[in-house]
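Trainee: The structure follows.
Since every read-out is calculated from the coordinates, none of them should be taken as a lab result. Since the model is a prediction, treat every value here as computed from it, not as a measurement. All Cβ positions, glycine included, derive from the backbone under ideal geometry; neighbour counts span all protein chains shown.
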Amino acid sequence: MAGSDRQLSSLSWAELPVPLDTSWSEQEDRAIRMAVVTHKERLHRIVDGLSEVEAQRAIDLVEGERDDPVLRAFRNAPEDDEPLTPEDEAALNRSRQEYRRGEGVPLDAIRHELT
């Protein structure tokens, strides 16, 4: 590649100049490209498009999450590895069967009951 063009190996998948597979639609090609872009690459693109006000809100959110002791405790909490009891299993099975039969309570009904 000549001049200021970057070498192909330095491009991310999303920057490749040709479709990954010409038989895919543009939408499929875009979805595949997005899937192989790293989280940091995607974040950089989002950040580059933010206004100053949006950038400050994003900074506040990220820093707030890092500094929040409750969120830190949840992130660092061990996974619940307590085995289910036979009673737990039976209750789960009953609730799944009720759901499949359409016997669940709509969220609006629960909200109405609680207000």
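Trainee: Cα-Cα pairs above 13 Å in segment 51-115: how many percent?
Mentor: Here the tail beyond 13 Å accounts for 79 percent of pairs.
Trainee: Oh, and also: Only Lys, Arg, Asp and Glu count, each charged at its Cβ (+1, +1, -1, -1), so figure out the dipole size of segment 24-104 about its Cα centre, rounded to 20 debye.
Mentor: Rounded to the nearest 20 debye, it is 340 debye.
Trainee: Using a simple spin-label model with points 7 Å from Cα along the Cα→Cβ vector, what separation in nm is obtained for LEU92 and VAL62?
Mentor: 3.7 nm
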